[in-house]
Amino acid sequence: MDLAGKNVVYLGGFGGIGQKCVQELLQRQLKALAIFDLDANEKLLAEWKSQHPDTDIFYQKLDITQKSDIDAAYKATAERFGHFDVVVNGSGLMNDRLVELTIQVNLLGVVNSTLTALEHMDKAKGGKGGLIVNISSVAGLQPTAIMAIYSAAKTGVTTFTRAMANPFFYAHSGVGFITICPGFTNTGLLEDIANKTTFTYDNPMLAMFNRVKRQTAEDCARNLVSAIETSKNGAVLMLELGETTEVNMPDIWKPQLDN
């Protein structure tokens, strides 16, 4: 997808990876960009508006755990932009001590945002189609035992997004889906891990966790935006140490049908 002249919605645009993604997206001469986040970074917002005067940049306060906030944010954005071409669900939380909130932010919020965005984008409902990008994690590809709750939520995101990319849905709505699975990335999400693990007792996984190589948020953002521009519907992409790898998800089970 050529992003020039497109309308984009980014959830979590002031966060670690999100902030770098927004900066990367703004290099593509977007027509408009809506940033949904819990709190505004007014200084950064002003800088972006000053540096990109030809792009309509819009902030909408959003608590991703509240369905009413999600509905209101998309409604306000649709009224301002007319339509949106790309939605990136990038809000995230890594803290297994906060079980319900981890599920609400990382999984339920993505589901609710996706379904709400579809109401506006679905060609069968008068929309123009487009692309929805859901940010999962390598923990959504392979269980990370030290973060069992986070892994469960991100695995849910991966599976949900793959299901939404079903060709029958795509033919109906004109909305494609890709799943982005970043590896360890230098952001605040990885800070103070010892106080965010599933269990409080010490274990060797924590020492290993702290030794895992990390990519920069800039590298992750560059590859994420490139994926938006080039990837096909249904792609599951691992963004690891500055490289992008398409993951071949195997068919573990197929239903047996009566004749």
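What follows is calculated from the coordinates using simple rules that are stated; it is not laboratory data. These figures come from a predicted structure and were not determined experimentally. Note that we place each Cβ from the backbone using ideal geometry, even for glycine, and neighbour counts take in every protein chain shown.
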Ranked Tyr170, Tyr150, criterion: other C-beta atoms within 10 Å, fewest first: Tyr170, Tyr150
Amide H contacts of Leu131 (H built 1.01 Å from N, under 5 Å, at least 5 apart or other chain): Val86, Val87, Gly176
Average Cα contact separation per residue, the stretch 7-245, under 8 Å, 6 or more apart, as relative contact order %: 19
Relative contact order for the stretch 177-259, counting Cα pairs under 8 Å that sit 6 or more residues apart, in percent: 41
Prolate/oblate/rounded call for the stretch 188-259, Cα gyration tensor, a/c under 1.5 rounded: oblate
Net lengthening on full extension, Val99/Gln51 (0.36 nm per residue, minus Cα-Cα): 13.3 nm
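Expressed in nm to one decimal, what extension gain is obtained for the pair Lys123 and Thr245 from 0.36 nm per residue of sequence separation less their Cα-Cα distance? The partial results should precede the final answer.
Numbers: separation 122, 0.36 × 122 = 43.92 nm, distance 3.05 nm.
This chain segment gains 40.9 nm when fully extended.
Under the rule a/c < 1.5 gives rounded, and otherwise a/b versus b/c splits prolate from oblate, where does the stretch 1-130 land using the Cα gyration tensor? Numbers along the way, then the final one.
Details: a/c = 1.90, a/b = 1.19, b/c = 1.59.
Oblate, because a/c is 1.5 or more while a/b does not exceed b/c.
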Counting DSSP beta bridges with both ends in the chain, the antiparallel % (nearest 5): 10
Estimated FRET transfer efficiency when R0 is 30 angstrom, pair Glu218-Glu79 (beta carbons, to 0.05): 0.35
Ranked Leu131, Leu239, Leu115, criterion: other C-beta atoms within 10 Å, fewest first: Leu115, Leu131, Leu239
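Sort Asp2, Asp56 so the one with the fewest other Cβ atoms within 10 Å of its own Cβ comes first. Present the calculation step by step, with values, prior to reporting the outcome.
Values: Asp2 8, Asp56 15.
Lowest to highest Cβ neighbour count: Asp2, Asp56.
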Percent RCO, i.e. relative contact order, over the stretch 156-217, from Cα pairs under 8 Å lying at least 6 residues apart: 35
Computed FRET value (nearest 0.05) for Lys43 with Asp2, which takes r as the C-beta separation and R₀ as 45 Å: 0.90
Whether the chain is rounded, prolate or oblate, judged on the alpha carbon gyration tensor where a/c under 1.5 counts as rounded: oblate
